[in-house]
Amino acid sequence: MPEFNYTASDANGKMVRGSMNAVNDLDLEERVGALGYQLIDSKLARKGITLFAKKVTTKELVMFCVHLEQLDKAGVPLLDSLADIRDSADNPTFRDVLADLYESVKSGSVLSEAMKKHPEVYNEVFIGLVSAGERTGNLSTAFQHLSEHLKWNDDFKRSIKKATRYPIVLLVVMSILITFMMVFVVPQLVDFMTSQGFELPIYTKALIATSAFFSDYWYLVFSFPIISIIVLVTLYKNNSAVRYKLDLFLVNVPVIGPVILKVNMARFTRFFSITFASGIGVIECLQTSQRVLGNMVLQESIGNIIKNVMDGNSITNSLAATKRFPTLVVRMFKVGEDSGNMESALENVNFFYNREVEDSMTKMIGFIQPMLTVVMGIMMAWIIIAVFGPLYGSFSEIDF
């Protein structure tokens with residue numbers, strides 16, 4: 001269906017703007033009226049990037065899941081539940097999405113199919129779990145797992161941001177300080193030394209050359225790292241060969257590699273546990289877990305596991321054959337397969353990796369901070385020695 005941008009008024013006469021999918025103008029007027037608005041004007045939306053559209057937040061998705069879970073448990077029909085959530089939504093973007101879900105379900109589509117029209121809000125994992133709940137007739141459990149997952153993922157991202165905030169600030173301050181010293185302080189000291197005819201050692205000449213480079217090519221000093229990062233990120237997103245090589249490099253780097261592995265193990269075990277508990281088959285659980293991993297090397301390993309399981313091998317042997325998964329993960333999968341209680345076994349390993357990721361992040365940040373401090377100290381020591389060394393040498397040659 002085409003998308004329309006519309007202007008409407010609410011019951012109090014307040015102007016409201018938004019976008020909505022509709023078959024035609026009459027269908028749009030009916031859908032906008034269902035929101036309690038009076039349609040004033042509308043036009044077909046141009047396809048492109050909307051810079052100022054309000055995004056759907058994680059908190060809104062969590063509340064969406066909680067409301068549908070509770071309403072489903074209370075026996076409220078899905079269509080009525082969607083209407084209630086739609087009418088109470090404050091975010092215009094999310095309200096339009098919910099209105100489209102309502103109309104699609106009203107027209108006979110299942111909820112998971114309606115969600116596929118909005119990949120910017122509902123990802124593959126979200127839709128997959130809802131689809132599993134529809135197949136098993138237990139949507140409330142699916143939404144419960146989704147709300148727990150969204151909360152876990154949001155807390156996980158928040159902890160990473162919190163842990164990396166100080167090193168990033170320290171790196172920025174260090175860069176500004178070094179640039180200031182090279183561009184403003186060192187040239188003045190160098191002018192003084194050269195005017196006095198001091199004999200300059202090699203490390204002082206190196207400092208003078210570095211300072212001159214900063215002064216003459218400051219735009220390269222600042223732009224090169226930014227451009228390099230943009231190019232690398234672009235290649236990483238659009239070139240699978242570059243992404244694979246970089247992922248392989250990162251997973252084998254000391255200090256950083258173990259953290260990346262633990263983060264992905266936490267994601268893998270959690271998603272497998274959630275999807276398995278939702279009644280999804282093992283192969284589909286593996287496929288879903290593969291999509292949420294952030295490392296292509298580990299995704300390749302999951303792909304090999306899927307092939308081995310489809311050939312009749314056990315999950316445990318397939319995991320062990322990749323040599324990418326820690327012994328603990330393999331062992332807990334074996335316990336789950338032998339006992340028939342995979343969900344409980346994976347909950348234990350997921351709890352372990354959640355704590356391990358937090359501890360590993362703390363250790364990694366604890367390693368980065370002193371390294372930045374050491375680099376700062378070396379730079380300052382170089383400047384001090386390069387500047388004051390010749391001064392001290394000239395003073396020592398004076399015969400008092």
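Couple of notes before you dig in:
- Relative contact order of region 256-360, taken over Cα pairs closer than 8 Å and 6 or more residues apart, is 31 percent.
- Prolate/oblate/rounded call for region 58-150, Cα gyration tensor, a/c under 1.5 rounded: rounded
- Site-free segments of the chain were taken between GluC sites (Glu not before Pro) in DSSP loops having at most 12 other Cβ atoms within 10 Å, sites themselves excluded; the longest one is 200-396.
- Spatially proximal lysines relative to Lys237 (Cα-Cα < 21 Å; intrachain offsets below 8 disregarded): Lys157, Lys245
- Under 15 Å from Lys117, Cα to Cα: aspartates and glutamates that are on another chain or at least 8 residues apart: Glu3, Asp96, Asp100, Glu103
- Cut-off 15 Å between beta-carbons: net charge of the residues surrounding Leu71, Lys and Arg +1, Asp and Glu -1: -3
- Gaussian network model of the chain, Cα within-10 Å springs - most flexible of Val251, Val62, Val173: Val173
- Across the chain, the volume of the C-alpha convex hull divided among the residues equals 217 Å³ per residue.
- Residue with peak Gaussian network fluctuation, the chain [Cα springs, cutoff 10 Å], from Gln290, Gln188, Gln70: Gln188
- Between region 245-317 and region 175-234, the alpha-carbon center distance in angstrom: 46 Å
- For region 58-150, the dipole from Cβ point charges (+1 on Lys and Arg, -1 on Asp and Glu) about the Cα centre works out to 160 debye, to the nearest 20.
- Backbone N within region 123-157 under 20 Å of label point (7 Å from Leu171 Cα along the Cβ vector): 157
- Across region 312-348, the residues whose backbone nitrogen lies under 20 Å from the label position 7 Å along the beta-carbon direction of Lys363 are 324-331.
- Cα long-axis angle, helix 58-73 against the chain (0 to 90 degrees, to the nearest 10): 20 degrees
- Positive dipole terminus of the chain, leading residue within Trp152, Ala206, Phe276 (C-beta point charges): Ala206
- Computed over the chain, the per-residue total of -39500 (n - 2.57) for DSSP H runs of n ≥ 4 gives a 222 nm mean residue ellipticity of -25000 deg cm²/dmol, rounded to 500.
- Note on Lys334: lysines with a C-alpha under 24 Å away, same-chain residues under 8 apart excluded, are Lys262, Lys307, Lys323.
- Over all orientations, region 256-360 has a Cα convex hull whose mean projected area works out to 5.8 square nanometres.
- Against the chain, whose longest principal axis comes from its Cα atoms, helix 256-277 is set at around 10 degrees.
- Ranked list, fewest to most other Cβ atoms within 10 Å of each Cβ, for Lys323, Lys106: Lys323, Lys106
Where a number appears in this text, it was derived from the coordinates with a stated rule and is not lab data. Just so it is clear, the model here is predicted, and its values are computed rather than measured. Using ideal geometry, Cβ is built from the backbone for each residue, glycine included, and neighbour counts are taken over all protein chains shown.
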